[in-house]
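Only one structure is covered here, and it is reproduced in the block below.
The values are calculated or read from the model by the stated rules, or taken from the named source; none is laboratory data. Worth saying up front: this structure is predicted, and the values here are computed from it rather than measured. Cβ placement follows ideal geometry from the backbone for every residue including glycine, while neighbour counts extend to all protein chains displayed.
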Amino acid sequence: MMNLGSDASALLTRVPEPELMDDDDQARAYAEADFAEPHNHFVQLLQETFPQLPQSGNALDLGCGPGDITLRFAHAFPAWSVEGWDASEAMLNYGYQAVEAAGLQDRITLKKVYVPQSDTVSDTKSDTVSFPLIFSNSLLHHLADPMALWTEVKQQSGAGTAVFIMDLMRPTKRETARNFVDLYAQDEPEVLRKDFFNSLLAAYRVDEVKDQLVQAGLGGLQMRAVSDRHLIIWGQL
Ligand SMILES: C[S@@+](CC[C@H](N)C(=O)[O-])C[C@H]1O[C@@H](n2cnc3c(N)ncnc32)[C@H](O)[C@@H]1O
């Protein structure tokens, strides 16, 4: 857990970024970027976190973007199907093409869905329509109201659902965010470097995510930093 020290007021204030990545240039740059290393790491951590997942099932990828992780998951879990939800048509269009190119239309369904579909968790939701696995990468920091993610997780889960979320952590200083861009996105196009910088400033801190989970009644989920800029939140409901 991050040590906040005594002067929390000196910490970098969150700077929200637009929720949806629906600008065509931005979506293209993101869809064409090489995320092999971090996205394989995501799937590997998911596998290590849940070594006892059922042999097959239907997973939900929230904020799937152009579907790169959705596809990597489908390759790593060949008996599973997966639904990817995103509200950006520009992103989904790249995703539809990628799914078709991989010939995985029978196991991957991408849908235009704004998260959360509803502000409240329905009292009548039935365990029979829940997903046994819900995962998400880099959606949380886009959300103006972070409770959107946790509300959707609750709405789409049932008893035993495995939850695996990864996102960026906001650094304590603006200068650190700049250094991360130079270190990890040195050769990327300017549009991606800018996105990465803005995303670091929009990300939530560990203590903020902890408060969100408690507020959502998901305090049983666990959380840890897995790099200098990424955290994971996981658990079984
Ligand atoms: C940084 S991208 C991550 C995409 C993908 N998960 C990945 O790791 O490559 C964030 C995605 O979340 C989507 N998004 C942001 N807010 C959303 C919302 N409220 N509902 C649905 N999608 C949203 C954006 O359109 C964008 O495609």
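Details
- When residues of the range 41-89 are limited to those that are assigned to a helix (DSSP H, G or I) and either within 8 Å of the ligand (Cβ to nearest atom) or among the β-branched types (Val, Ile, Thr) (or both), the one farthest from Tyr30 (Cα to Cα): Thr49
- Verdict on Asp106 being assigned to a loop (DSSP other than H, G, I, E, B), acidic (Asp, Glu), more than 15 Å from the chain's Cα centre (by Cα) and over 21 Å from Ala144 (Cβ atoms): yes
- For the range 89-124, the tally of residues that are modelled with pLDDT of 95 or more and among the β-branched types (Val, Ile, Thr) stands at 5.
- Looking across the range 92-120 at every residue that is surrounded by 14 or more Cβ atoms within 10 Å (Cβ to Cβ) and not hydrophobic (A, V, I, L, M, F, W, C), the one that is nearest to Arg28 (Cα to Cα) is identified as Tyr94.
- Qualifying positions in the range 10-37 - among the polar types (S, T, N, Q) and not in a loop (DSSP other than H, G, I, E, B): Gln26
- Counted residues, the range 160-216 - those being in contact (Cβ under 8 Å) with a residue 40 or more places away in the chain and either small (Gly, Ala, Ser) or part of a loop (DSSP other than H, G, I, E, B) (or both): 15
- Which numbered condition Ala8 fails, given (1) of a type in the set (Gly, Ala, Ser); (2) modelled with pLDDT of 90 or more; (3) farther than 28 Å from Ala162 by Cβ: (2)
- Residues in the range 7-37 that are within 11 Å of the ligand (Cβ to nearest atom), without any contact (Cβ under 8 Å) to a residue 40 or more places away in the chain and of a type outside the set (Phe, Trp, Tyr): 0 in all.
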